[in-house]
Each structure stands twice: as structure tokens, then as C-alpha cells.
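Below: the structure, in C-alpha cells.
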Amino acid sequence: MPDIEYAFLADAAETQPGQKFHVLGGGVSRIGGPTFPLRHPHLALVLGLLVTAPELDREHEVRFVLLDPDGGEVAGATGNLKAHGHADGRDTILTFSIDLWNLTFAAPGDYSFRILVNGSERKRLPLVVARPDA
């Protein structure tokens, strides 16, 4: 099963298959604002999916879910990816990003991004949402 080589949140990201990726403000783990509900204009979820040679040229389902402190779903998406690699039998890292526009956080607290590959949770990313004085 493909694994997550890396995953992080950023202010913005540009990824193109088979090329370098560009990140602005990588490593976001805390956001906030003075009033709630809080609408955050943009985050990018950047993923590097490690696909081994036997898993190439097959579809793989990737899903992310953003959960609130009580475990309720704030946002989520599912997509199917097919990684193509070199004929030399080497593993491939498929890098991609997901733009998350206008996320609304009902209250401050500890939120969590869950990333699943082929139905199995492979990574968790914590996100603290707080008031500036907290």
C-alpha cells in the first residue's frame, strides 16, 4: 500500500507532477482570529505519496478529512490517483497539493487533518485554532 512520505500544511503551494514543488509559509500548525466562527481564507495541504514499483500504474484512493475537536467533519475530499514511474523498478514519490478555501472553524480548539490511502489512515496533522490571546 502506498505510504505518506511527507504531509504538511502551508499558506500556499504549487505542485506539478514529476517536478519540484513550491511552498509559501510551510509548516502551518496554528491559526487563529479574534472572533468565532472563524473563516480562514486559504490553506494548502501538501502530500508526498510514496508508491512502490509494484503499486505503479494502479489507481489509489486518497482521502482527507478535517475534524473538529469533537470529531465532527469540517471538510473532506476524496480523489483517485494513478502514479506512473520509471521502468527501472524504483519507488516514486507523487507530490500533490490540495487548496482549501474559506474553511470555517466554529470554535477554538484542537482540530486534526486525517489522511487516508486506500481506506487506511496513514497520517494525522494537528491544527490548533485559537484566539490571539490564547
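The table below gives the values:
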{"item": "Members of region 29-61 found to be at pLDDT 95 or above and among the basic types (Lys, Arg), listed by number", "result": "Arg30, Arg39"}
{"item": "Hits in region 1-50 (condition: part of a loop (DSSP other than H, G, I, E, B), open to solvent by 40 Å² or more (accessible area, probe 1.4 Å) and within 16 Å of Ile98 (Cβ to Cβ))", "result": "Gln16, Pro17, Phe21"}
{"item": "Test result for Glu59, surrounded by fewer than 17 Cβ atoms within 10 Å (Cβ to Cβ) and either closer than 16 Å to Ser97 by Cα or of a type outside the set (Ser, Thr, Tyr) (or both)", "result": "yes"}
{"item": "Considering residues of region 71-112 that are among the acidic types (Asp, Glu) and either closer than 27 Å to Asp11 by Cβ or outside any loop (DSSP other than H, G, I, E, B) (or both) only, the residue nearest to the chain's Cα centre (by Cα)", "result": "Asp99"}
{"item": "Breaking point among (1) touching a helix residue (DSSP H, G or I) at 6+ places or on another chain (Cβ under 9 Å); (2) open to solvent by less than 50 Å² (accessible area, probe 1.4 Å); (3) over 18 Å from Gln19 (Cα atoms), for Asp68", "result": "(1)"}
{"item": "Leading residue by the ranking (nearest to the chain's Cα centre (by Cα)) among those in region 16-70 that are small (Gly, Ala, Ser) and farther than 13 Å from Phe105 by Cα", "result": "Ala44"}
{"item": "Pairs with Cβ under 9 Å, 6+ apart, first in region 18-38 and closer than 17 Å to Thr95 by Cα, second open to solvent by 90 Å² or more (accessible area, probe 1.4 Å)", "result": "Gly18/His84; Phe21/Glu14; His22/Glu14; Val23/Glu14; Leu24/Glu14"}
{"item": "Every pair of residues 6+ apart whose Cβ atoms lie under 7 Å, when the first sits in region 114-126 and is touching a residue at least 40 places away in the same chain (Cβ under 8 Å) and hydrophobic (A, V, I, L, M, F, W, C) while the second is open to solvent by less than 60 Å² (accessible area, probe 1.4 Å) and outside any strand (DSSP E or B)", "result": "Val117/Pro2"}
{"item": "Search result, residues across region 99-118 that are within 12 Å of Val65 (Cα to Cα) and open to solvent by 30 Å² or more (accessible area, probe 1.4 Å)", "result": "Arg114, Leu116"}
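The values are calculated or read from the model by the stated rules, or taken from the named source; none is laboratory data. Since this is a predicted model, take the numbers as computed values, not measurements. Because the Cβ atoms are built from the backbone with ideal geometry, glycine has one as well, and the counts that use them run over all protein chains shown. Each accessible area value is taken on the protein alone, full model and side chains, heavy atoms only, with ligands, DNA and RNA left out. Shrake-Rupley method; radii C 1.70, N 1.55, O 1.52, S 1.80 Å.
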